[in-house]
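> Questions regarding the structure given below will be posed in turn.
The values are calculated or read from the model by the stated rules, or taken from the named source; none is laboratory data. Computed from a prediction, not measured in an experiment: that's the story for all the values here. No Cβ is skipped: glycine too gets one built from the backbone with ideal geometry, and neighbour counts run over all protein chains shown. All accessible areas refer to the heavy atoms of the entire protein, side chains included, with ligands and DNA or RNA removed. Shrake-Rupley method; radii C 1.70, N 1.55, O 1.52, S 1.80 Å.
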Amino acid sequence: PPDTCMADIESLKQALAVSPDNVPLLLMLAQAHLDQFSLEEARETFERALAQDPTNAQARTQLAQLLELEGKTSEAILRLEQVCAEAPEFGPAWLLRAKLALNDDDPSGAKDFFDRAVAIDPALRDENLLKRIRQASAGGTGESKTSPIPSPQAMGEAQAGAYFESSFEHDEDDDGEDFFDEDDELELDFERKPDVDFARVGGME
């Protein structure tokens with residue numbers, strides 16, 4: 001509940017008044033602010049923690065999360081890449097990279113980062129995130145990528161082609177002569193005057 005969270009924030013502030021350089025307390029306070037979407041207070045507190053411990057992977061990862069919430073995804077990804085390079089055994093950074101990769105339409109990269117995070121710390125396994133990654137991967141490897149659905153125009157052309165004989169398109173035979181020459185000669189035969197007349201037919205006088 002919000003009241004409980006505010007009480008926690010006040011308690012943390014009181015503890016920090018006694019021990020202002022306590023990095024774990026600073027990180028807890030920063031996360032409490034982040035949970036309340038008090039982004040500016042969260043940023044200031046994370047930076048206070050980093051001032052005491054510049055290499056702190058947790059503070060750097062949470063700052064990247066804060067940047068992502070502010071819509072600065074590219075900067076968040078760059079910061080996470082640095083964290084993963086300098087602290088490769090910090091699982092939460094890989095998990096956040098998986099989320100950002102998925103949001104950036106890179107399910108393959110997201111799956112790699114997710115697997116890396118879980119290999120480091122199985123407790124980080126997020127079934128909901130994994131389900132989203134699998135759904136995105138399935139959508140990316142479907143037939144729509146390899147066999148696009150033809151447009152209605154293309155389908156119409158294909159259907160017309162099913163009834164179209166290629167010989168009609170090319171009217172020359174193998175010798176290069178007009179394909180219809182032979183048929184034309186037959187037509188001439190039919191046009192000749194028949195040899196039989198009425199006088200030759202019995203009963204037709």
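> Taking K and R as +1 and D and E as -1, what net charge do the other residues with C-beta under 11 Å from the C-beta of His33 add up to?
-3
> Additional query: Can you give the accessible area of Lys99 in Å² (nearest 10), computed on protein heavy atoms with a 1.4 Å probe?
Answer for Lys99: close to 80 Å² accessible.
> Heads up, I need the accessible area for Asp112: 1.4 angstrom probe, whole protein in place, Å², nearest 10.
100 Å²
> Here is a further query. Send over a whole-number figure in Å² for the accessible area per residue of segment 1-120, probe 1.4 Å.
Dividing the accessible area of segment 1-120 by its residue count gives 53 Å².
> Counting only the heavy atoms of the protein chains, how much of Ser19 is accessible to a 1.4 Å probe, in Å² to the nearest 10?
40 Å²
> What's the local net charge at Lys131, with K and R +1, D and E -1, over the other residues with C-beta under 14 Å away?
+3
> Report the gain in length on full extension from Ala138 to Thr55: 0.36 nm times residue separation, minus Cα-Cα distance, nm rounded to one decimal.
26.1 nm
> As an exercise, use a Förster radius of 25 Å and the Cβ-Cβ distance of Gln36 and Gln14 to find the FRET efficiency, rounded to the nearest 0.05.
Calculated transfer efficiency: 0.90.
> May I ask for log10 I(q)/I(0) of segment 1-121 at q = 0.14, 0.15, 0.21, 0.22 Å⁻¹, from a Debye sum over the Cα atoms as equal point scatterers with solvent left out?
These q points yield log10 I(q)/I(0) values of -0.61, -0.70, -1.13, -1.19.
> Now for a different question. What is the gain in length, in nm to one decimal, between Asp104 and Arg125 on full extension, counting 0.36 nm per residue of separation less the C-alpha to C-alpha distance?
Stretched fully, the Asp104-Arg125 segment lengthens by 5.5 nm.
> Shifting gears a bit: Can you give the net charge of the other residues whose Cβ lies under 12 Å from the Cβ of Leu100, counting K and R as +1 and D and E as -1?
For residues surrounding Leu100, the net value is -2.
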